[in-house]
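To start, the structure itself, in structure tokens.
The values are calculated or read from the model by the stated rules, or taken from the named source; none is laboratory data. None of these values were measured; they are calculated from a predicted model. All Cβ positions, glycine included, derive from the backbone under ideal geometry; neighbour counts span all protein chains shown. The protein model used for the area step is the full one, side chains on, heavy atoms only, and it has no ligands, DNA or RNA in it. Shrake-Rupley method; radii C 1.70, N 1.55, O 1.52, S 1.80 Å.
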Amino acid sequence: MFLLVALFLGVYLASAVGPVKPVRDSSFVAAVYEHKVILNPEPHVPLSRRDALRHMQKNLDIYEEQAARAAREVLQRLSCMARRYNLYLVANMADLQPCPLKTDPSSSCPSDGRWQFNTNVVFSSDGLLVARYHKHNLYFEKAFDKPPQSEIITFETPFAGRFGLIICFDILFHDPTGILLEKGVRQLIYPTAWMNQLPLLDTIQFQRAFSLGANVTLLAANIRNDRLIMTGSGIHSPFSATYHHASKGDPEEGRLLVARVPVLDPRWAGQSEDAEEGGGQSERTSSVPADSGYCRRDSRVDRPPAPSVPPSNPAFTSSMMHDPFRFVLLKETEGELKVCDGTFCCHLRYRRLPRGNTKELYALGAFAGTHTVNGRYALQVCAVVRCAALESSSCGQEVEEAESKMDFLLKGTFETRYVYPSVLASGLVLEQPESVATAADGGVTMKHSNVAGGLVTACLYGRMHHLDSE
Ligand SMILES: *[C@@H]1O[C@H](CO)[C@@H](O)[C@H](O)[C@H]1NC(C)=O
């Protein structure tokens with residue numbers, strides 16, 4: 001059982017002081033490290049054990065340095081609390097397992113009698129290996145095998161209760177991610193090697209959206225690789241986000257993020273009276289704290305859109321992220337729009353603010369169907385996007401910058417509970433939606449005003465797990 005191909009994809013470090021005092025303050029300190037990974041240049045060519053180890057050592061040297069740094073920073077921040085600290089560490093690596101070639105030739109066992117899995121390993125503060133998770137949803141990973149059975153893996157920490165483990169592409173799928181959420185796991189650790197894809201699936205955008213939509217904490221460590229357009233890591237709780245997104249050609253070697261986040265595990269000591277979700281409420285609302293000064297009830301975008309807004313502008317089809325979206329243009333400075341893809345409809349009320357570039361073209365898009373390029377998964381999506389140019393055919397293309405600011409209320413009625421809301425502003429800056437409310441009929445309404453930057457994308461990204469196998 002040796003590592004034949006050493007492919008470190010990312011590393012995550014979590015640390016905390018404990019036990020923490022009053023229940024209301026229960027929190028822990030998380031750190032993620034975006035590693036500029038030294039990739040094996042040819043992952044499909046097996047390395048000798050000696051070469052593989054040498055390759056791993058190079059990465060390990062960097063991890064060791066960062067682990068020491070994380071512990072030190074954490075100590076500085078928390079030194080006033082003068083308590084003992086724990087450092088739990090999750091790393092992503094390859095795991096080689098013998099498989100039953102002889103006893104079960106029908107299994108997925110490769111001819112060399114070994115599975116090689118894309119794996120998260122978790123070490124507790126006393127150095128014990130406490131959990132191991134093998135990635136289920138591979139994304140064109142020649143070097144890795146899909147485990148014969150899917151794994152739902154969680155581990156307990158003394159400082160924040162339970163964490164679940166997922167890897168990269170897993171985040172989009174029911175198995176394991178949906179299952180973990182259904183089991184009430186509210187803190188997920190997520191090493192990833194995610195290629196950024198604007199306008200809907202930039203790394204930090206989707207990490208944030210997932211955390212908000214699933215109401216969980218997501219500790220996301222991407223790798224850094226400019227050529228593969230991989231960057232973007234973050235510590236995302238439903239209440240706050242600490243994130244980093246490198247810009248092109250950024251010379252830095254990696255980035256460590258450290259943030260204090262609240263414990264969300266409902267079974268965590270003292271929080272058990274907090275009933276878990278779905279307790280018969282017809283509406284769930286997550287919003288920024290009441291003292292944030294956003295309570296402008298007079299805003300025109302406040303009213304829910306009238307159900308029967310006629311599609312005022314003609315709808316057209318344009319490809320966004322390889323999916324044929326139905327779009328309508330936002331032609332006025334304010335108004336109400338509706339666009340449908342089949343029976344799935346998206347509503348928008350918007351008001352463009354006078355400042356900024358009024359020439360920029362925006363469109364409201366709807367898509368309901370199965371995404372089939374580079375992975376297959378069923379979607380219902382409502383999105384307002386800035387079009388890349390002034391022609392409607394440019395709507396849905398990749399854009400990073402925008403000057404136009406607008407207040408908006410975006411609504412769709414989804415046939416899934418997995419709806420991930422995001423507001424992405426110019427220059428890959430995330431905004432926390434002012435409010436996101438889910439009604440019993442699946443209606444999800446995202447409202448936002450006082451945007452800090454030009455609007456690039458506002459999106460409700462619904463994953464229809466139950467339709468994936470159709
Ligand atoms: C999110 O979870 C918190 C508890 O951690 C709960 O109070 C809140 O109502 C939940 N929000 C939604 C939208 O479910």
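Table for the structure above
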{"quantity": "Test set (1) open to solvent by less than 10 Å² (accessible area, probe 1.4 Å); (2) in contact with a helix residue (DSSP H, G or I) (Cβ under 8 Å, 6 or more places away or on another chain); (3) more than 16 Å from the ligand (Cβ to nearest atom) - Ala458 fails condition number", "calculated": "(2)"}
{"quantity": "Test for Thr231: is it away from the ligand (no atom under 16 Å from the Cβ), among the β-branched types (Val, Ile, Thr) and open to solvent by 20 Å² or more (accessible area, probe 1.4 Å)", "calculated": "no"}
{"quantity": "Condition broken by Ser469, with the remaining ones in (1) over 27 Å from Pro314 (Cα atoms); (2) buried (at least 17 other Cβ atoms within 10 Å of the Cβ); (3) without any contact (Cβ under 8 Å) to a residue 24 or more places away in the chain satisfied", "calculated": "(2)"}
{"quantity": "Subset of the range 111-134 [open to solvent by 40 Å² or more (accessible area, probe 1.4 Å) and under 20 Å from Asp175 (Cα atoms)]", "calculated": "Arg132"}
{"quantity": "Selected residue [open to solvent by 20 Å² or more (accessible area, probe 1.4 Å), touching a Leu at 6+ places or on another chain (Cβ under 7 Å) and either at pLDDT 95 or above or within 16 Å of the ligand (Cβ to nearest atom) (or both)] from Ala241, Ala193", "calculated": "Ala241"}
{"quantity": "Residues of the range 420-443 satisfying the condition of being open to solvent by less than 10 Å² (accessible area, probe 1.4 Å) and within 13 Å of the ligand (Cβ to nearest atom)", "calculated": "Tyr420, Pro421, Pro433"}
{"quantity": "Qualifying residue in the range 340-349 (condition: under 26 Å from the mean Cα position of the chain (by Cα), polar (S, T, N, Q) and at pLDDT 95 or above)", "calculated": "no"}
{"quantity": "Test: residue in the range 135-144 that is surrounded by 20 or more Cβ atoms within 10 Å (Cβ to Cβ), away from the ligand (no atom under 16 Å from the Cβ), at pLDDT below 95 and more than 26 Å from Arg208 (Cα to Cα)", "calculated": "yes"}
{"quantity": "Filter result for Gly161 (open to solvent by less than 20 Å² (accessible area, probe 1.4 Å) and among the small types (Gly, Ala, Ser))", "calculated": "yes"}
{"quantity": "Some residue of the range 176-188 being of a type in the set (A, V, I, L, M, F, W, C) and part of a loop (DSSP other than H, G, I, E, B)", "calculated": "yes"}
{"quantity": "Any chance Phe173 is open to solvent by less than 30 Å² (accessible area, probe 1.4 Å), among the aromatic types (Phe, Trp, Tyr) and farther than 28 Å from Thr370 by Cα", "calculated": "no"}
{"quantity": "Test: residue in the range 396-416 that is under 21 Å from Thr317 (Cα atoms) and surrounded by fewer than 18 Cβ atoms within 10 Å (Cβ to Cβ)", "calculated": "yes"}
{"quantity": "From Asp407, Asp441, residue being charged (D, E, K, R) and either part of a strand (DSSP E or B) or touching a Phe, Trp or Tyr at 6+ places or on another chain (Cβ under 9 Å) (or both)", "calculated": "Asp407"}
{"quantity": "Residues of the range 267-279 that turn out to be of a type in the set (A, V, I, L, M, F, W, C) and at pLDDT 80 or above, as a count", "calculated": "1"}
{"quantity": "Condition check for Leu264: at pLDDT 85 or above, assigned to a loop (DSSP other than H, G, I, E, B), buried (at least 18 other Cβ atoms within 10 Å of the Cβ) and not assigned by TED's automatic domain parsing to the domain that holds Gln397", "calculated": "yes"}
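Conditions (1) under 19 Å from Phe206 (Cα atoms); (2) open to solvent by 50 Å² or more (accessible area, probe 1.4 Å), marked per residue:
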site	(1), (2)
Val381	yes, no
Arg386	yes, no
Glu391	no, yes
Ser394	no, no
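Residue-by-condition table, conditions (1) in contact (Cβ under 8 Å) with a residue 40 or more places away in the chain; (2) in a strand (DSSP E or B):
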residue	(1), (2)
Gln207	no, no
Gly213	yes, no
Ala221	yes, yes
Thr242	no, yes
Pro251	no, no
Leu256	yes, yes
